[in-house]
Amino acid sequence: MAADAQLYEAEQIAKARRIQVEAEAFATHVIVQAIAENGIEAAQYQVALKQVEALTTFGNSEGNQTVILPANALDAFADAFKILKGRR
């Protein structure tokens, strides 16, 4: 019984990993397609978005008394807003 449970758990973990990999591959394909169709702005937007996500995660974690910002963080935010504003 314990071996069956371990096998089932391993199969579920493998399925979850496969789903994550497939989702990442799909997301990468969409990003590559967006860059091909819209140029470097799509890549710049993705970089800015990742920076915002990283800063949000860092800021939401407990016990952090110091905030570290990349030197170009404000530029990244400004670029993201310019890109978004131009698409409306």
Which residue pairs have Cβ atoms under 9 Å apart, sit 6 or more places apart or on different chains, and have a first residue in region 45-64 that is touching a residue at least 12 places away in the same chain (Cβ under 8 Å) and closer than 18 Å to residue 79 by Cα and a second that is among the acidic types (Asp, Glu) and surrounded by 13 or more Cβ atoms within 10 Å (Cβ to Cβ)?
45/79; 47/79; 48/79
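Does residue 30 satisfy the criteria of being outside the structural domain of residue 71 (by TED's automatic domain parsing), part of a helix (DSSP H, G or I) and within 27 Å of residue 74 (Cα to Cα)?
On the way: outside the structural domain of residue 71 (by TED's automatic domain parsing): yes; part of a helix (DSSP H, G or I): yes; within 27 Å of residue 74 (Cα to Cα): yes.
It is true that residue 30 is outside the structural domain of residue 71 (by TED's automatic domain parsing), part of a helix (DSSP H, G or I) and within 27 Å of residue 74 (Cα to Cα).
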I need a count of the residues in region 1-40 that are over 17 Å from the mean Cα position of the chain (by Cα) and surrounded by 10 or more Cβ atoms within 10 Å (Cβ to Cβ).
14
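The values are calculated or read from the model by the stated rules, or taken from the named source; none is laboratory data. The model shown is predicted, which means the values in this text are computed figures rather than measured ones. Neighbour counts are summed over all protein chains in view; Cβ atoms, including those assigned to glycine, are modelled from backbone coordinates with ideal geometry.
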